[in-house]
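The values are calculated or read from the model by the stated rules, or taken from the named source; none is laboratory data. No experiment lies behind these values; they were computed from the predicted model shown. Every residue, glycine among them, receives a Cβ derived from its backbone with ideal geometry; neighbour counts consider all protein chains shown.
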Amino acid sequence: MPENNARLKVLYHHRTASRDGQAVHIEEMVSALRKLGCEVIVVEPPSTAGAHFGADARGLSSLRRLLPKAAGELLEVGYNWFAYRRLKRAYRVHRPDVLYERHNLYLLAGKWLRRRFKLPYLLEVNAPIALERSRHGGLALPGLARRLEASVWNAADAVLPVTAVLAEMLVEQGVERERIVVIPNGIDLGAFELAPGRGDAKRRLGLDGRLVLGFAGFVRAWHGLDQVIDFIADARRPELLLFVVGDGPAREALAQRARERGVAEQVRFAGIVERKDIPACLAAFDIALQPAATSYASPLKLFEYLATGCAIVAPRQPNLEEVLTHEENALLFAAETPGALGDAIGRLVGDAVLRERLGCNAKKTIARGAYTWNGNADRVVRQAQRLLAEAVDQRARHFVRRAIS
């Protein structure tokens, strides 16, 4: 067992090819582990190399879209032959202490490596992907998907979901609570500390004199930004501006809604922004919008909003309430109540003192919860060290039993 982080070798495995929020999580975690002194060996799809931020997946995902669903899913299963060979090669060359894998549907290679070499296995789980794909994209083989997903969850020595809500879903699938450690998303605090002040940020972006309602992320219809456009139209306050940092399939529909409501000049789309420029964009937000969220997710944008010191508006739901407290670091609304989102925004628009208080407390939340990638890496290292210590104890007990038998 390594005596300190500098000697801890982590074999980091993932199957994520998209250059989006998933890639942010991967790169930040790898970087944070290395900052702690760990040696990290990354095994990943070759198609990730050289792709720019915001790019879609290539390789396996692109090929899968051309095939019937069942064939595409079987192709995902078949990918494990390739992934396992690469993992096994990396194991034999580097002799890592632990395997850290980002869970993906039909990804079995990490489970196989753990079984073959008895390597302590930490599994990061960001979503119940079989359920998610059944709901949104459809699965031709849902029974197989659910069984294989649960088998991977139950094979890991430590399972690391991003929310307590997701942790309960894992427990329902048979994962023992003792093996679960919740590790939410985080941020690179240093990048946000270098961001300009709100006034300066607005000047740089040409938003002087505006009260900015900001949203960051991939724009989908279910996010509910159409309600924000309706709020702006009904408020009849020309200083209000919806500033969307990101892109997505709902962008054109939102632009059309703004034109129909006569507020096209009060809606601005920044498009895809490079990661290094995101803190400076978010710094211009007076009010940060999380109009909707998946019930089990740990939204990356939420931690970015907190680090920026924004007054946050978000729905009142358990996974968000793991981080947000109504009237303390955010204004929460009942998503099922018509007009509740607009009412919450309206209250903040009319109360600068409340915006300032919530924003100040939001920034403090990051330090209080250690919601940083460095904090997350430290949690992972502690779990890895625990598993290694347990493995040493088990070997010692086995040796003693053999010696006295």
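Checking each residue in region 298-318 for being under 15 Å from the mean Cα position of the chain (by Cα) and within 22 Å of residue 125 (Cβ to Cβ) picks out 298, 299, 300, 301, 302, 303, 304. Got at least one residue in region 196-206 being crowded, with 20+ Cβ neighbours inside 10 Å and within 29 Å of residue 366 (Cβ to Cβ)? Yes: region 196-206 contains one or more residues that are crowded, with 20+ Cβ neighbours inside 10 Å and within 29 Å of residue 366 (Cβ to Cβ). State yes or no: is residue 85 out of contact with any Lys or Arg (no Cβ under 8 Å at 6 or more places or on another chain) and under 18 Å from residue 40 (Cα atoms)? No.
Residues of region 1-30 that are at pLDDT 95 or above, over 15 Å from the mean Cα position of the chain (by Cα) and outside any loop (DSSP other than H, G, I, E, B): 9, 10, 11, 12, 13. On inspection, residue 322 passes the criterion of being charged (D, E, K, R), more than 19 Å from residue 213 (Cα to Cα) and touching a residue at least 12 places away in the same chain (Cβ under 8 Å). Select from region 162-181 the residues that are aliphatic (A, V, I, L, M) and surrounded by 18 or more Cβ atoms within 10 Å (Cβ to Cβ) and write down the one among them that is nearest to residue 318 (Cα to Cα). Taking the candidates together, the pick is 165.
Can you say whether residue 258 is in contact with a helix residue (DSSP H, G or I) (Cβ under 7 Å, 6 or more places away or on another chain) and not hydroxyl-bearing (Ser, Thr, Tyr), as far as the supplied structure shows? First the steps, then the outcome.
Numbers: in contact with a helix residue (DSSP H, G or I) (Cβ under 7 Å, 6 or more places away or on another chain): yes; not hydroxyl-bearing (Ser, Thr, Tyr): yes.
Answer is yes for this residue.
Being on the phi < 0 side of the Ramachandran plot, under 21 Å from the mean Cα position of the chain (by Cα), assigned by TED's automatic domain parsing to the domain that holds residue 310 and buried (at least 16 other Cβ atoms within 10 Å of the Cβ) narrows it down to one residue among 267, 228, 263, 245; which is it? Before you say what the answer is, go through the steps one by one.
Working: 267 fails: under 21 Å from the mean Cα position of the chain (by Cα); 228 fails: under 21 Å from the mean Cα position of the chain (by Cα); 263 fails: under 21 Å from the mean Cα position of the chain (by Cα).
On inspection, the qualifying residue turns out to be 245.
Among residues that are assigned to a loop (DSSP other than H, G, I, E, B), modelled with pLDDT of 95 or more and within 24 Å of residue 22 (Cα to Cα), residue 323 is included.
Within region 103-121, identify whether any single residue is in a loop (DSSP other than H, G, I, E, B), out of contact with any Pro (no Cβ under 9 Å at 6 or more places or on another chain), over 30 Å from residue 299 (Cβ atoms) and charged (D, E, K, R), and answer yes or no. I'd like the intermediate steps shown before the answer.
Initially, region 103-121 is screened for residues in a loop (DSSP other than H, G, I, E, B), giving 103-108, 118-120.
Restricting the remaining residues to those that are out of contact with any Pro (no Cβ under 9 Å at 6 or more places or on another chain) gives 103-108, 118, 120.
Next cut, over 30 Å from residue 299 (Cβ atoms) only: 118.
From the residues that got through so far, the ones that are charged (D, E, K, R) too are 118.
There is at least one residue in region 103-121 that is in a loop (DSSP other than H, G, I, E, B), out of contact with any Pro (no Cβ under 9 Å at 6 or more places or on another chain), over 30 Å from residue 299 (Cβ atoms) and charged (D, E, K, R).
Condition test on residue 343, is it charged (D, E, K, R) and more than 16 Å from residue 289 (Cβ to Cβ)? So residue 343 does not fit the description; no.
Can you name every residue in region 88-102 that is within 10 Å of residue 41 (Cα to Cα) and either touching a Cys at 6+ places or on another chain (Cβ under 9 Å) or in a helix (DSSP H, G or I) (or both)? Passing the criteria: 90, 91, 94. Applying the criterion of being touching a residue at least 40 places away in the same chain (Cβ under 8 Å) and part of a loop (DSSP other than H, G, I, E, B) to the residues of region 196-209, the residue that is nearest to residue 336 (Cα to Cα) is 207.
Residue pairs whose Cβ atoms lie under 6 Å apart, sitting 6 or more positions apart in sequence or on different chains, and linking a residue in region 80-94 that is among the acidic types (Asp, Glu) to a partner that is assigned to a helix (DSSP H, G or I), do not occur here. Only one of the numbered conditions (1) of a type in the set (Gly, Ala, Ser); (2) without any contact (Cβ under 8 Å) to a residue 60 or more places away in the chain; (3) within 19 Å of residue 290 (Cβ to Cβ); (4) not assigned by TED's automatic domain parsing to the domain that holds residue 271 is not met by residue 221, and that is (4).
Among residues belonging to region 207-223 that are more than 25 Å from the chain's Cα centre (by Cα) and surrounded by fewer than 15 Cβ atoms within 10 Å (Cβ to Cβ), point out the one that is nearest to residue 22 (Cα to Cα). It comes out as 208.
Contact annotation: residue pairs with Cβ atoms under 9 Å, 6 or more positions apart or on different chains, pairing a residue in region 254-282 that is touching a residue at least 60 places away in the same chain (Cβ under 8 Å) with a partner that is among the hydroxyl-bearing types (Ser, Thr, Tyr), are 279/308; 282/305; 282/308.
Just one of (1) part of a helix (DSSP H, G or I); (2) modelled with pLDDT under 95 fails for residue 138. It is (1).
All told, residue 234 meets the bar of being in the same structural domain as residue 285 (by TED's automatic domain parsing), assigned to a helix (DSSP H, G or I), surrounded by fewer than 17 Cβ atoms within 10 Å (Cβ to Cβ) and more than 26 Å from the chain's Cα centre (by Cα).
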